[in-house]
Amino acid sequence: MQPLKQEKIFTNHQLLTLLWPLIIEQTLSVLVGMADTVMVSSVGEAAISGVSLVDMINQLIITVFAALATGGAVVTSQYLGAKKPEQAARSAGQLVGLSALLGLAVAAFCLLTRRPMLRLLFGITDDVMDAALVYFTITALSFPFLALYNAGAAIFRSTGNSAVSMKVSVIVNAINFCGNAICIFVLGMGVEGVAIPTLISRAVGAFIILGLAAQ
């Protein structure tokens with residue numbers, strides 16, 4: 001007796017359509033920190049060292065926010081698959097609320113413990129510490145927006161529309177790159193010249209993707 005063939009839920013084309021925007025988006029999320037490091041290299045060795053070290057912490061926090069958003073999106077996807085749009089909308093709202101709270105909590109923790117945290121993890125010199133503190137302080141303010149962006153992106157992925165978050169990620173990277181160039185090369189700013197555009201770009205990305213999700 002031949003075993004019954006299990007019917008595929010998604011075709012290869014549907015999976016490819018869903019996955020390739022995710023790959024591009026994840027690449028772009030890493031490029032935000034890389035762009036900051038590259039742009040600030042003209043400021044000095046202490047600046048590039050401080051930004052690079054803090055970016056390691058930021059990447060860890062990005063992973064935490066993405067994990068929370070992915071877990072919440074699973075619940076939303078289950079409700080959507082069960083044809084329960086009201087419960088799906090409620091779970092999506094809870095995901096956004098929890099992400100905002102986590103983002104605020106992580107930002108507050110990092111701002112309160114940034115100096116001892118950097119000393120404990122890296123044991124850096126004073127000039128590198130000064131640069132790292134400036135970059136860490138400003139980028140920590142972007143953590144609530146980063147958490148909200150990940151929540152909005154996860155909501156779109158749960159509906160099978162990963163292209164939206166990819167397009168928003170392109171906008172975020174464009175704002176960050178152009179802002180870095182203006183602040184560093186035109187205005188002659190230091191480490192804050194790459195930190196402020198990062199904050200602004202993440203805030204814009206969060207507002208755009210949540211605005212689209214609310215429609």
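A few comments on the model shown:
- The residue list ALA154, PRO144, MET166 was ranked by how far each Cα lies along the charge dipole of the range 88-175 toward its positive end, using unit charges on Cβ atoms, and ALA154 comes out on top.
- HN-Hα J in Hz across the range 119-132 - Karplus 6.51, -1.76, 1.60, θ = phi - 60°, x for Gly and Pro: 4, 5, 7, 10, x, 8, 6, 5, 5, 5, 4, 4, 5, 5
- When the convex hull of its Cα atoms is viewed from all sides, the range 91-215 shows a mean projected area of 8.4 nm².
- Difference of contour (0.36 nm per residue) and Cα-Cα distance, LEU120 to ALA108: 2.5 nm
- Here the simple spin-label model places points 7 Å from the Cα toward Cβ, and for GLN78 and GLN59 these points are separated by 3.3 nm.
Throughout, read-outs are computed from the coordinates displayed, never taken from laboratory work. The shown structure was predicted, so the numbers you read here are calculated from the model rather than taken from an experiment. Don't worry about glycine lacking a Cβ; one is built from the backbone with ideal geometry, like all the others, and counts go over all protein chains shown.
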